[in-house]
Amino acid sequence: MAQTTIQGSFLGDGTVTGAKVAADFISAQTALASGLATTDEIIVSDAGVIKRMDISVLEIAATQITASGTLPALNGAALTALTAANITASGTLPALNGAALTALTAANITASGTLPVLNGSALTNLDADDLATGTVPVARLGDGNESNSTFLRGDNTWVAVTGTTINTNADNRVITGSGTANTLNGESNLTFTGSTLTIAGNSSGYYLVGGSVRCPDSTILDIYAGTTHQIRMNTGDTPDSVTIQVADLKVAAGNLVIGTAGKGIDFSAATPNEGGAGSASNSILDNYEEGTWVPELWDDDSTDTASYHNRQAVYTLIGNHVFLNMSWNWSNKTGLTANHQFRIGGLPFTSSNYTASIRFAGSIGYIVAMSLGGAFMPVARIDNNAAVITMNMIAGGGGMSEMQISHLGSDAVCDVTIDYIIA
């Protein structure tokens, strides 16, 4: 009868085809209860030829893993060529050894994922602009030891604060340099209170600047332009004085104001020697004034009742000397007494009170409609301690008489110039 079963050990050579392998060839074997070892072997068909293969040479391509399948636990050290493109959105990676992540880009880390704990020594090029929140601890800044007595210098180094000593310091003293490193001086002779700067003088004097410049008694304040002495203010003089050392004193804007009545410009240094019997009594120009006044036609009663077409008069006062000029034209002399003396009232100042023998004379520049006679010349005069001009006539052969109201015609014109001294 035919042999239907041959024991495999009796096959000397040749091969057994897959068709001749029993159906329970695999399932009849003892199951492997633990993980694979590199020494384990499996049976594979190589182009129809049955071969055994060590498990250590088993390779699985990423393209052979379906989206629904999962990988068994693998040794991460062997994943040397796994690309992120071959990991689907629904899959996850098992725990990996971070040391092998040498080319993982931030773009491949999703918003919901997190990095495992990394070794900070490998973060050699972390951009500070990428720190969205939080702060860097002080211990991580700069070189050296940070403390409450050090600061981080611009060269990224923690250095100790260098102290500065202020010698002779006290309230309100101005601080100046000393010429020694880290040392200053508090100046006892230079103080500032916030509104007043005080500079001590060479002796007991000092100068104050606080809206004004002040000098105590017996001191001098000199003002220089470069090395040229310009102005000296001497509070030791009696009274105090200001000396201008420059050639000219120019008031660029405004006026030179004499603030006290009776004071003015002293010309005593320029007064020449009188030589004869003359004697100077005053060299101070203490007054100047320009103005107008209204002349009045008077008789002996000192009352103005005349009517005028026009009348103009001006004066100039220089020191105690008054210069008067007037021009007038009256239309009638109603109310004036014919045989009374012709007088001009309304003068701006009263003449000085010298002796009765001192009179001040003037001149008549122009007259119209006056009946004086061919032998007479009109003259104007101001007596001592008077505020009126009296009009007189000088005869051709000498002698003087009063000019009276009767000598004046209607529509008469009279121009007068006269100067006199006031007190």
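The values are calculated or read from the model by the stated rules, or taken from the named source; none is laboratory data. As the structure is a computational prediction, the values presented were derived from the model and not from experiment. Every residue, glycine as well, gets a Cβ built from its backbone with ideal geometry; the counts of neighbours run over all protein chains shown.
Observations
- Boolean, residue 336 is over 22 Å from residue 302 (Cβ atoms), of a type outside the set (Phe, Trp, Tyr) and in contact with a helix residue (DSSP H, G or I) (Cβ under 7 Å, 6 or more places away or on another chain): no
- Some residue of the range 358-380 being surrounded by fewer than 17 Cβ atoms within 10 Å (Cβ to Cβ) and at pLDDT 95 or above: no
- Cross-chain or 6+ apart pairs with Cβ under 7 Å, the range 130-142 first and closer than 15 Å to residue 157 by Cα, then part of a loop (DSSP other than H, G, I, E, B): 138/146; 139/146; 142/156
- Where strands (runs of 3 or more DSSP E) fall entirely within the range 279-362, none has at least 2 residues that are closer than 16 Å to residue 409 by Cα and under 60 Å from the mean Cα position of the chain (by Cα).
- Looking only at the range 275-300, residues that are at pLDDT below 90 and either surrounded by 12 or more Cβ atoms within 10 Å (Cβ to Cβ) or among the aliphatic types (A, V, I, L, M) (or both) come to 4 in all.
- Hey, residue 406 over 20 Å from residue 317 (Cβ atoms), touching a residue at least 60 places away in the same chain (Cβ under 8 Å), of a type in the set (S, T, N, Q) and in a strand (DSSP E or B) or not: no
- Filter pass, residue 124 being more than 30 Å from residue 220 (Cα to Cα) and surrounded by 12 or more Cβ atoms within 10 Å (Cβ to Cβ): no
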